[in-house]
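Below is one structure, written out as structure tokens; comments come after it.
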There are 2 protein chains.
Amino acid sequence: MATPLGINLSFCVKRWVTPSLWAPVVRDRLGLDLVQFSFDLVDPTWPDEILDDLAAEIAAVPERHGVTVHSAFIGLAHYTFNQMLHPDPRVRDIAERWLGRAYRFAAKAGIARVGGPLGAIASRVDGAEAEAIPPADYDDLIARMRRLAVVAAEAGLTELYVEPTPMRREWPWTVEQARTMTADVAGSAVPWRLCVDWGHGTFEPLYGRYRARMEDWFEALAPEIGAVHIQQTDFQYDRHWDFTEAGAVDPTAAADLLARTGLADRPVFLEVFYPFERDDRSILEAVARSAAILKTAFSRG
Amino acid sequence: MATPLGINLSFCVKRWVTPSLWAPVVRDRLGLDLVQFSFDLVDPTWPDEILDDLAAEIAAVPERHGVTVHSAFIGLAHYTFNQMLHPDPRVRDIAERWLGRAYRFAAKAGIARVGGPLGAIASRVDGAEAEAIPPADYDDLIARMRRLAVVAAEAGLTELYVEPTPMRREWPWTVEQARTMTADVAGSAVPWRLCVDWGHGTFEPLYGRYRARMEDWFEALAPEIGAVHIQQTDFQYDRHWDFTEAGAVDPTAAADLLARTGLADRPVFLEVFYPFERDDRSILEAVARSAAILKTAFSRG
């Protein structure tokens, strides 16, 4: 069975910002028919009447171009503010309400799944990093996830994702933490599953060279994994390069690994970021070449 | 006369997020006493009662550590959404209101100057880039800048900055455009001046190798320049590296150039960004070394 291959709209940020721009780019230029929407294109804090119009556009326009929106994901803009682990509990409340608005926007846009990272604690003045977030912060996060699942169910969503990130100040960052967290939110009003990223689980400065393996995530957590982010990277940073760049990720081996670990049916989204100042034309060429490379790798079998 | 040297709080984003964290880092670890606040630490869309408390903290805490906040600047989070050149005029209105809230927050925090880039038009599906934004969009932007200056004056601000960025979809990106824009907003309720960035004016892929020179900006626009961003970069992208990295910017030559062009009294802010996943300790070390390098270069004369 061929793995469903799509693209996160991260590459469209500040460029192809409306469905009438990004849908033809995805379908006609990249030859893809599946996307993951990015909240770097629409901020759920915008007023209801504007969000409603923008949601209606997303519900209508991509379909006319033959593009399906699988899910909607937190982008770098919202990720910037420490979200539900900010040291000020009032800012955590703001982040929780932000997600509620994101769920309602997604539901109105016909997008049934929403996900992303959940938050980051602050750093210490001396630069020392604790191995784990404090237990009280973890408990607070789990309570918020349970409440959010109720909001998501009321909005009509079917699935929520947490995206593990390779940082001790965020959560979860290990396979074991991810397993514990999914168990701790089991039975939520809408299921919380994982979206794992090829450049997160392989970040050697955090995990060490021999523990930074996607195999570990896929083998231990297969039933909990709902979607996968793929990128080219060197395992030294979370690069989010496209596949025209040289790196450590082999697309064919990636497809084989997903098949071997029983994940061939999970959608895989290319997630790439470019400098704001790079020219549009070279980005379109690079993303199109990357989509072609991934399609070849993921359509076998 | 020694150039006032400070640091934009971009390096604190998602790490040292409150004044009681960043003020001691800036004063004790970096040995600096001047900062430019970043709206990546506080989003002006947050509710008034929380903003008021956070503003009161910024008005009180940095001073106790011997740190002065010169200005507040738009960060990457707000920059993400095309701001006042978004194709949807309603989103432009949202960005204009965002700035009004940013001005009121800054004023309450005791920060008299606010700035940043103004917006980006969308890209075309075929990747072709126009040389200039459409005249109607430019006129709309100027009208918004004039209105915003009134809001800033009412809030009690004394100066606004526009930061030129090296992109045809944004504005201004040439010396001539910057000169025209400052003339077109002359006489605003609060003066609009420029904050130029060492890695923007030198971006060779846009300007060509022989036109990508900070000299041109400083010589032509000296009276209009209110502040300067410095970074290490290779002129091939807008890197925002620190000065532990090898690059094309020589700090001593930079200080000499500012003195030669009559800008020795303008504050210069180091603006550096790091991958979210990089460890805190190595960032503190790199920023501290960079601050030391710049202090040596800028304190002569």
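The values are calculated or read from the model by the stated rules, or taken from the named source; none is laboratory data. This one's a predicted model, so the numbers in the text were calculated from it and none came from an experiment. A quick note on method: Cβ atoms are made from the backbone with ideal geometry, for glycine too, and the neighbour counts reach across all protein chains shown.
Tally time: how many residues in the range B:253-301 are hydroxyl-bearing (Ser, Thr, Tyr) and over 30 Å from A:TRP171 (Cα atoms)?
Applying the first criterion (hydroxyl-bearing (Ser, Thr, Tyr)) to the range B:253-301 yields B:261, B:274, B:282, B:290, B:296, B:299.
Next, from what is left, pick out any that are over 30 Å from A:TRP171 (Cα atoms): B:261, B:290, B:296, B:299.
Here the count works out to 4.
Can you tell me which of B:ALA102, B:ALA95 is in contact with a strand residue (DSSP E or B) (Cβ under 7 Å, 6 or more places away or on another chain) and without any contact (Cβ under 8 Å) to a residue 40 or more places away in the chain? Don't jump to the end; show me each part of the working.
Details: B:ALA102 fails: without any contact (Cβ under 8 Å) to a residue 40 or more places away in the chain.
Only one candidate passes the filter, namely B:ALA95.
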If I ask for residues that are in contact with a strand residue (DSSP E or B) (Cβ under 9 Å, 6 or more places away or on another chain), acidic (Asp, Glu) and under 30 Å from A:GLU285 (Cα atoms), which ones from the range A:204-255 would you list?
A:ASP234, A:ASP238, A:ASP242, A:GLU245
Can you pull out every residue in the range A:14-33 that is among the small types (Gly, Ala, Ser) and not in a helix (DSSP H, G or I)?
A:GLY31
Please tell me if B:GLU96 is at pLDDT below 95 and not in a strand (DSSP E or B).
no
List the number of the failed condition for B:LEU99; all other conditions in (1) within 14 Å of chain A (Cβ to nearest Cβ); (2) within 16 Å of B:GLU170 (Cβ to Cβ); (3) of a type outside the set (Ser, Thr, Tyr) hold.
(1)
For the range A:48-62, indicate whether the set of residues that are touching a Phe, Trp or Tyr at 6+ places or on another chain (Cβ under 6 Å), at pLDDT 95 or above and more than 23 Å from A:ILE230 (Cβ to Cβ) is non-empty.
yes
Considering every residue within the range A:227-245, establish whether at least one is in contact (Cβ under 8 Å) with a residue 24 or more places away in the chain and on the phi > 0 side of the Ramachandran plot.
yes
Any hit, the range B:197-205, residues being within 14 Å of another protein chain (Cβ to nearest Cβ) and surrounded by fewer than 17 Cβ atoms within 10 Å (Cβ to Cβ):
yes
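Given the criteria surrounded by fewer than 23 Cβ atoms within 10 Å (Cβ to Cβ) and modelled with pLDDT of 95 or more, does A:ARG101 qualify?
Working: surrounded by fewer than 23 Cβ atoms within 10 Å (Cβ to Cβ): yes; modelled with pLDDT of 95 or more: yes.
Yes; evaluated as a whole, the condition is true for this residue.
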Go through the range A:248-270 and report how many residues are assigned to a loop (DSSP other than H, G, I, E, B) and under 16 Å from A:LYS295 (Cβ atoms).
4
Residue in the range A:50-78 that is surrounded by the fewest Cβ atoms within 10 Å (Cβ to Cβ), counting only those that are within 16 Å of A:LEU118 (Cβ to Cβ) and within 8 Å of another protein chain (Cβ to nearest Cβ):
A:LEU76
Among the candidates B:PRO172, B:PRO117, B:PRO166, residue that is more than 14 Å from chain A (Cβ to nearest Cβ) and not small (Gly, Ala, Ser):
B:PRO172
Return the residues of the range B:135-169 that are more than 19 Å from B:SER71 (Cα to Cα) and not aliphatic (A, V, I, L, M); say none if nothing qualifies.
B:PRO135, B:ASP137, B:TYR138, B:ASP139, B:ASP140, B:ARG144, B:ARG146, B:ARG147, B:PRO166, B:ARG168, B:ARG169
Return the pairs, sorted by first residue and then second, in which the second residue is modelled with pLDDT of 95 or more and part of a helix (DSSP H, G or I), the first residue lies in the range A:270-286 and is within 8 Å of chain B (Cβ to nearest Cβ) and buried (at least 20 other Cβ atoms within 10 Å of the Cβ), the beta carbons are less than 6 Å apart, and the residues are 6+ apart or on different chains.
A:LEU284/A:ARG29
Go through (1) farther than 30 Å from A:PRO205 by Cα; (2) outside any loop (DSSP other than H, G, I, E, B); (3) of a type outside the set (A, V, I, L, M) for B:ARG289 and report which single condition fails.
(1)
Failed condition for B:THR68, given (1) more than 26 Å from A:LEU76 (Cα to Cα); (2) out of contact with any Leu (no Cβ under 9 Å at 6 or more places or on another chain); (3) of a type in the set (Ser, Thr, Tyr)
(2)
Take the range B:114-128 and flag every residue that is out of contact with any Ser or Thr (no Cβ under 7 Å at 6 or more places or on another chain), in a loop (DSSP other than H, G, I, E, B) and crowded, with 22+ Cβ neighbours inside 10 Å.
B:LEU118, B:ILE121, B:SER123
Taking into account only those residues within the range B:33-49 that are touching a Lys or Arg at 6+ places or on another chain (Cβ under 8 Å) and within 19 Å of B:GLY110 (Cβ to Cβ), which is farthest from the other protein chains (Cβ to nearest Cβ)?
B:ASP33
Residue check, A:ARG90 facing chain B (nearest Cβ under 8 Å), farther than 28 Å from A:PRO164 by Cα and of a type in the set (D, E, K, R):
no
Can you confirm whether the range B:134-155 contains a residue that is crowded, with 21+ Cβ neighbours inside 10 Å and assigned to a loop (DSSP other than H, G, I, E, B)?
no
